[in-house]
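The values are calculated or read from the model by the stated rules, or taken from the named source; none is laboratory data. Every value quoted in this text rests on a predicted model; they were computed, and no experiment measured them. Positions of Cβ are backbone-derived with ideal geometry, glycine not excepted, and every protein chain shown enters the neighbour counts. Protein only, heavy atoms only, side chains kept; ligands, DNA and RNA dropped before computing areas. Shrake-Rupley method; radii C 1.70, N 1.55, O 1.52, S 1.80 Å.
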Amino acid sequence: MNYDAEFAGHLDRLHAEGRYRVFANLLRRRGAFPNADRFDDGAADRVTVWCSNDYLGMGQHPVVLEAMHEAIDRCGAGSGGTRNISGTTRYHVELEAELAALHRKEAALLFTSAYVANDATLSTLVELLPGCVILSDEKNHASMIAGIRHGRGPKKIFRHNDPAHLEQILRELPRGAPKIVAFESVYSMDGNVSPIRQICDIAHRYGALTYIDEVHAVGMYGKTGAGISERDDVMDCVDIVNGTLAKGFGVMGGYIAASRHCCDAIRSYASGFIFTTSLAPAIAAGALASVRYLKASSKERERHQERAATLKRKLARADLPILENPSHIVPVMVCDPVHCKSISDRLLNSYGIYVQPINYPTVARGTERLRITPTPAHTDEQMDRLVAALQELWAECPSSVRMVTRAAAE
């Protein structure tokens, strides 16, 4: 077999479908966020980043940077091993305690990413609970789907944000069988928010554990940044929380927060935790500083919500096809992979505006979009430039594409 030819064939198909992904070569400048330098053939151009998951700009915050510098000076670069073999530092221990307190749980457990946390935890829960059935929202993140698949246990899919359908499925399962209801708080591509209390009440009525992914909410919602469950005063309803340190908190890493016995069991059995080098001390220190800072400061969250609402208004006034939702995510629907990439390329090359195209498998075919994430640092002037550029590019789209995008947004 000509292996390279096989690989090339798969890549050719991605190109033909308009789904081949090109990485933007960026260098963020400290203190200049959301601006960055883009490198293309050795030359650098200044661009404005509109798709960063550093939602609050905490990756640039002096409190975070100072903590990371201090940790490097004290500990050096790497952690030196897995958590079990020399890779646990004071920063890791304090960060886990801080995260447990943030979510009002007995314990927390750090992972190298929220993807690994979801994959390792969900698959291990199935191993620890023989016969466990996982009930998963149909729009759950790929990491949750991976964890459920790796657990190799029975699963049921309930319609997105549909408590009635969830109850219908639960009612048909054996009452005494272990069950886990897994869902998200903020769904990152559509930006909609789950009815947490309804889902949890139904799950507990049928004896199920509740597992919520708050990745796109931690740091940004609630009085202390614990997420939508804190904002909606339902933290006590959730049994296991998955969160990230790489988005609202601006650094890197993931975690779960749950009961002491649950976290200890995952720590003791999950291969994705046991055999992975732990987060570098500087990363743990920066994340710890960010969590502590955002627990006490609400100004970033308030500014963030205002900026998101302002951009949505501007886009709506310009008659651009945004998908309405109650969160900070701003999806502009294109619904065609080739045109989505073309618009993204032209925004970058002609206007100095960087918004990555989102296509299959991240979203369903025919729902391709530009996923815009305004931050507290984006100005009105930058918003006006973005809206004007999109208006110009939309006017050049074929009328068939404009009709589809309008229907998708509605």
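Per residue Cα convex hull volume for region 28-164, in cubic angstrom?
Residue-normalised Cα hull volume stands at 210 Å³.
Return one whole number: the accessible area per residue of the chain in Å², for a 1.4 Å probe.
On the way: 18040 Å² over 410 residues.
Per residue, the chain has 44 Å² of solvent-accessible surface.
Would you please give the residues with an amide H less than 5 Å from that of L135, counting only those at least 5 places away or on a separate chain, with H modeled from the backbone geometry?
Under 5 Å from the amide H of L135: K156, I180, V181, A182.
Could you give the dipole magnitude of region 1-152 about its Cα centre, charging the beta-carbon of Lys and Arg +1 and that of Asp and Glu -1, in debye to the nearest 20?
It comes to approximately 220 debye.
Considering only DSSP states other than H, G, I, E and B, which GluC sites (Glu not before Pro) in region 322-382 qualify as loop sites with at most 16 other Cβ atoms within 10 Å?
Answer by residue number: E324.
Dividing the Cα radius of gyration by the Kirkwood radius, what Rg/Rh value follows for region 315-397?
Rg divided by Rh gives 0.93.
Using Cα-Cα distances under 8 Å and only pairs 6 or more residues apart, what relative contact order does the chain have, in percent? Intermediate results must be reported in sequence, preceding the final value.
Details: 791 pairs, mean separation 86.0, N = 410.
With pairs under 8 Å counted, the relative contact order is 21 percent.
For region 192-248, restrict the atom set to alpha-carbon positions and state the Rg and Dmax in Å.
11.1, 34
Which whole-number percent gives the relative contact order of region 182-333, counting Cα pairs below 8 Å spaced six or more residues apart?
23
For region 328-380, what % of the accessible area comes from carbon and sulfur atoms, probe 1.4 Å?
Values: 860 of 1680 Å².
Reported share for carbon and sulfur atoms: 51 percent.
Could you please state how large a percent of the accessible area of region 138-267 is carbon and sulfur, counting protein chains only and using a 1.4 Å probe?
That share works out to 48 percent.
From the P(r) of region 231-334, could you give the percentage of C-alpha pairs in the tail past 15 Å?
Tail fraction, whole percent: 76.
Suppose every Lys and Arg Cβ carries +1 and every Asp and Glu Cβ carries -1, with no other charges. What dipole size does the chain come out with about its Cα centre, to the nearest 20 debye?
The dipole magnitude comes to about 400 debye.
Along the charge dipole of the chain, which of Y55, S86, P195 sits closest to the positive end, that is, farthest toward it, with unit charges on the beta carbon of Lys, Arg, Asp and Glu (+1, +1, -1, -1)?
Checked the options; the winner is P195.
Based on the alpha carbon coordinates of region 152-233, what radius of gyration and maximum Cα-Cα distance (Dmax) apply, in Å?
Cα-based Rg and Dmax for region 152-233 come out at 13.4, 39 Å.
What Kirkwood radius, in Å to one decimal, follows from the Cα pairs of region 225-269?
11.7
Hey, got the dipole for region 252-356? About the Cα centre, +1 on K and R Cβ, -1 on D and E Cβ, debye to the nearest 20?
360
Among all stretches of the chain without exposed trypsin sites (Lys or Arg not before Pro) (DSSP loop, at most 13 other Cβ atoms within 10 Å), which one is longest?
On the way: sites that count: R21, R29, R30, R152, R175, K223, R365.
Counting at most 13 other Cβ atoms within 10 Å as exposed, the longest clean stretch of the chain is 224-364.
When the Debye formula is applied to the Cα atoms of region 270-330, each taken as the same point scatterer, what base-10 log of I(q)/I(0) results at q = 0.16, 0.17, 0.19, 0.30 Å⁻¹?
-0.73, -0.75, -0.79, -1.16
Please list, in chain and number order, the residues 5+ apart from G254 or on another chain whose amide H is under 5 Å from its amide H, with Hs placed from the backbone.
So G254 has HN proximity to F111, T112, S113, A114, L245.
How big is region 1-95 along each principal axis, measuring the range of its Cα positions in Å and listing the largest first?
Cα spread of region 1-95 along its principal axes, largest to smallest: 50, 39, 25 Å.
With only alpha-carbon pairs counted, each pair once and no self-pairs, how large is the Kirkwood hydrodynamic radius of the chain in angstroms?
About 22.4 Å for the chain.
Just A318, A217, A257 to compare: in a GNM of the chain, with alpha carbon springs under 10 Å, which one fluctuates most?
A318
Return the loop-located GluC sites (Glu not before Pro) in region 163-224 (DSSP other than H, G, I, E, B) with at most 11 other Cβ atoms within 10 Å of their own Cβ; answer none if there are none.
Working: sites: E167, E172, E184, E214; in loops: E172, E214.
For GluC sites (Glu not before Pro) across region 163-224 that sit outside H, G, I, E and B with at most 11 neighbouring Cβ atoms in 10 Å, the list reads E172.
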